[in-house]
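Taking it in order: structure first as structure tokens, then the write-up.
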Amino acid sequence: MNDAQIHLALNHFPIIGTLFGTVLLGIGVFGKNKSLLNTGLIILILMTLVTIPVYLSGEGAEEIVEELGIDHDIIHRHEEIAETAVWFMDGLGLLALASFFFTRKTIYGPGRLLSIVTFVLGIVVLGLMFRVGSSGGEIRHTEIRNSK
């Protein structure tokens, strides 16, 4: 399996997983449901881990698609957005891990505040992940590129 195959096989998980994790976290926090809160946090932690091989396989995937004649500017734009998103995703994963630790016994107190902050960051990361996915799709799907 080459880097492009790894990248393509895994790249949808951080987008969809962040969506589900953030929604479940929000329902758990605001509905005061510890099971859903913890499920959302665990999903966000797992999506952070899945993001690592997606990001690391990006360079190899870039080399492969450049050999196919894809414009380097489109790839570079995707790469820049992805780099920013990965940093935010790493922060989200660490925050989700801390929230999980602080909400082990109760969903009230500092754990609740931390979970709310995690939820808000999850929304931000979700927006970034949608941008990454869209810019990645433009690499091979000319029909979705913006006309300039």
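Quick rundown of the values:
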quantity	calculated
Yes/no for L37 being surrounded by 17 or more Cβ atoms within 10 Å (Cβ to Cβ) and under 19 Å from the mean Cα position of the chain (by Cα)	yes
Criterion: over 18 Å from the mean Cα position of the chain (by Cα) and buried (at least 20 other Cβ atoms within 10 Å of the Cβ) - qualifying residue of G58, G111	G111
Which listed residue, of I52, I64, I75, is open to solvent by 40 Å² or more (accessible area, probe 1.4 Å), within 30 Å of R140 (Cβ to Cβ), touching a residue at least 60 places away in the same chain (Cβ under 8 Å) and not basic (K, R)	I64
Residue pairs meeting the criteria (Cβ under 9 Å; at least 6 apart or on separate chains; first in a helix (DSSP H, G or I), in the range 84-108; second open to solvent by 30 Å² or more (accessible area, probe 1.4 Å) and small (G, A, S))	F102/G109
Checklist (1) touching a Phe, Trp or Tyr at 6+ places or on another chain (Cβ under 6 Å); (2) open to solvent by 50 Å² or more (accessible area, probe 1.4 Å) applied to L128, failing item	(2)
The range 78-87: number of residues that are surrounded by fewer than 17 Cβ atoms within 10 Å (Cβ to Cβ) and closer than 17 Å to T18 by Cβ	3
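The values are calculated or read from the model by the stated rules, or taken from the named source; none is laboratory data. These numbers come from a predicted model, not from an experiment. Neighbour counts run over all protein chains shown; Cβ positions are idealised from the backbone, glycine included. Please note that ligands, DNA and RNA were not included when accessible areas were found on the heavy atoms of the full protein model with its side chains. Shrake-Rupley method; radii C 1.70, N 1.55, O 1.52, S 1.80 Å.
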